[in-house]
1. Per residue of region 206-216, what does 6.51 cos²θ - 1.76 cosθ + 1.60 with θ = phi - 60° give for ³J(HN,Hα)? Whole Hz please, x for Gly and Pro, Karplus curve as stated.
2. Excluding ligands and nucleic acids, what accessible area in Å² is computed for Met607 using a 1.4 Å probe, to the nearest 10?
3. Can you tell me how much longer the chain between Ser786 and Ser608 gets when fully stretched, taken as 0.36 nm per residue apart minus their C-alpha distance, in nm with one decimal?
4. Compute the accessible area per residue over the chain, keeping the other protein chains in place, probe 1.4 Å, unit Å².
5. Testing the spin-label approximation: label points 7 Å from Cα along Cα→Cβ at Arg645 and Asp661. State their distance in nm.
6. Hey, of [x] 30.3, 106; [y] 36.2, 124; [z] 39.6, 130, which did the structure itself give for Rg and Dmax of the Cα atoms in Å when calculated?
7. Using alpha carbon centroids, what distance separates region 74-118 and region 321-366, in Å?
8. Rounded to the nearest 500, what is the chain's calculated 222 nm mean residue ellipticity when only DSSP H runs of at least 4 contribute -39500 (n - 2.57) each, over all residues?
Amino acid sequence: MKRAVLAILAALLAAAPLTAQTVVEKAESAIRDGMPQAAIAPLQEALRKAPAADKHGLGLLLARAQLAAGRPADALRTLDNSSDRTATDAIVLRAAAFAAQGSLGPAAKLLEPLAAGQAEASLLLARIRFEQGAHDAALEILAGSDQNTAAEDPNLLRLLLDVQLATTDHAATEQTIERAREKALLPAAELDVALGRLRLAADRASESSEIFRRVLESPDLPAPVRDNARLGLARSLITLGVDTRARDVLREAIADAPDAPTVTESLRQWIDLESKLGGDPTAALRTWAAEDGNRRAVESGLRLARLDLDGKNIEAAVAALEKIAANPDVPPQDASRARLLLAEARINSGQTDAAMEILDALAAYDAGGTAAYRLDNLRGRALAAGGKQRQAYDAFNSALRRATTPAEAAAAATNGLLCALSLGDLKLARQSLEEVRRATPDSPDLVRWSFLLAAAEARGGEIDALGALARRAPSTEYSFQAKLALAEWRLARGEGPAAERTLRTAREEATSPTRATALAAAEIFAADNAAAQPREELLATCREFLAEHPEAPEAPDVSFKLGELHARGGDHAAAETVFAQLAQDVAEPDTANLAKFLAAQSAGRSMSAEGTGRALQWFDEIAQSNSPLRHRARFEQATLLLRDRRFDDAITLYDGLLAADPPPEVRLAALMEKGDTLVALGAEKPEKFTQAAALYTDLAGNASAPADWRDQAACKRAAALARAGQNEAALAAYRDVLARPPGTKTDFFWFYKAGIEAGRLLEQQQDWPAAIAVYDLMASANGPQSEELKQRSRRLRLEHFIWEN
């Protein structure tokens, strides 16, 4: 973009004022000769001494020199300090500086009001639209240009050819080339290059290669024409399959013209060819990257960092990118590219916060096209890696809107689909899949994404899509996986026989070892769910599977099933052996901790002192880790201590667990168990009953706890108060439970428990009418014990002659 802007700026120089004549003439000459840096210091001195009337003109010329020297930030400061900001030429120059920085959006906003009546503004705006990928908009602007001006302006004609070639309007491009050739509007060699590009775009690579060869044989070629012809020849040769010659042409172009505008694309294609042909481009890239002051050095550094990122050499990539981004002599667009790559490196290394800081700083970088797409795409990746799936989806959706190629659109839509699936938002997922299908309707990956969506729908109870995939021809890659997923769905619903039937239809598709292994594992789970085999046969099947497929992805699941079968059969020693071995074998930490947890449970159930010791040790190891099971492990450890009547030790563990902010369900269980432990201690220390009652009171009043937990706590509170001799308080607690009829906020168990215990206390106090009232209340609830309670109430009436009038 920088050199495109400079080409346009050449047309602006004629408007420079003649104040400080000698300095101005020398500055204009230096800019025209490609040495703008030489003009800057004299212009700064002249500007400092100039009267107010001359400052505007000198400021514009200085800003042009600074911009031509690749210092757009300095140009903007000069315009702010020394020129009339409302003047048209100052606005156009400011837009050119923004564009050179890569901020194409702000530049376009400045130019839009001027484009209709100002040729330079119109041309620059068209160039910006072209760089943003808005080719139709660029054509519309160029079509509205004054035809006389267009005929005399080679820069406008060059841009028109670029835009027409990009829009694949071959007929219009041919007409433009012929008209320009007839009127000699551009050099013949330059028009030949355009014709070669046209032939290549029309899939006539042989013709295009001959055209480019003829151009390169011409004497005294201008550098831009030579560079474009070399790149065109290389592209033609690649299309023809002549990769070695294409690589050599590109290498020659890169070596001869380190500052050519084509060096970016030449390097990209040369790296691809060098790698394809078995070579290693890194040595040459390191040599070029070590240079200073040319385009080739910066581009080589960026490409080398890209290769390091792809090769997982993140530290080397980060070091190189930080150096490029911090170099004040690097063009702003390249510095922004370096920062985008640096953000990607941070994402790849898990430093999502650092990546977001970089991306937020680049938020004003409104370049449009691929750069804007990459910014949104990386933002989505960083947010997704940080667990912010909804925000990530929005970022990928923005990237989708900014995509300039089908590949970019497909990548953004696919990432959005994965985020939507993570969110469980099937509506968004379906929308994203449609976007993928629109972008790449023939992609073989579509069936994969359809399978993921169908599996997610099945988890939500919708199996139509999964069933459709399962019914596809056996040759379809995902029909087999769909059948396995459909069987899994059946198993989750307890439909073992149906799952077995589905798996039988997959047998003819189990044509590879991988599929056969996956099917064998699924059949084990289906047989267990359907109770289709005796336990001993299933145990043998599991052992056989593990012996034949010890490295299969399904092996850990089958090991878990083997341990479960042993545990269900009461063979806790065998279960412990299976789970303990699994904990040692698996590499994934969470799976290993789950296996160790189950091994500890099995050891604890063996009822031996040695087994209890192993269980306590394993639970303690898990509790001291970062495993999601750490809180549950501490709870299980305390339960084992309770079994051994080590009440004080158990309470110490409960206190530590409660202080560690465990999940709600573990917290509730720990509070309840601590209360039960205090009650057990109350036999020797009666004050513990009061402490237990206080704990149960807090739990019973916890509005976030399930109703049955609150009622359980209220009943236990009443029992603790009764054992502490506080019968009236106990009765009040029981009445709190009885005040909530079953079917609303409690269940029959605790309702009956509260009523029966309250009735027992009242009978002990010989308060027969109150006891009868409690039994009648429970009987009226029409629960499973209603008849028994009616009989109890009738007995009290008969024994104590209590009848209603």
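1. 4, 4, 5, 5, 5, 4, 5, 4, 4, 4, 5
2. Surface accessible to solvent at Met607 totals approximately 140 Å².
3. Working: separation 178, 0.36 × 178 = 64.08 nm, distance 4.36 nm.
The span from Ser786 to Ser608 would gain 59.7 nm if fully extended.
4. Working: 38440 Å² over 805 residues.
In whole numbers, the chain has 48 Å² accessible per residue.
5. Label at Arg645, label at Asp661, 3.9 nm between them.
6. Comparing each candidate, only [z] matches the computed number.
7. When both Cα centres are located, 25 Å separates them.
8. On the way: 45 runs with 607 residues, N = 805.
Estimated from H runs of four or more residues: -24000 deg cm²/dmol.
The values are calculated or read from the model by the stated rules, or taken from the named source; none is laboratory data. No experiment lies behind these values; they were computed from the predicted model shown. Methodologically, a virtual Cβ is constructed for each residue, glycine included, from the backbone with ideal geometry; neighbour enumeration extends over all protein chains shown. Remember, those area values only see protein heavy atoms, side chains included, never the ligands or the DNA or RNA. Shrake-Rupley method; radii C 1.70, N 1.55, O 1.52, S 1.80 Å.
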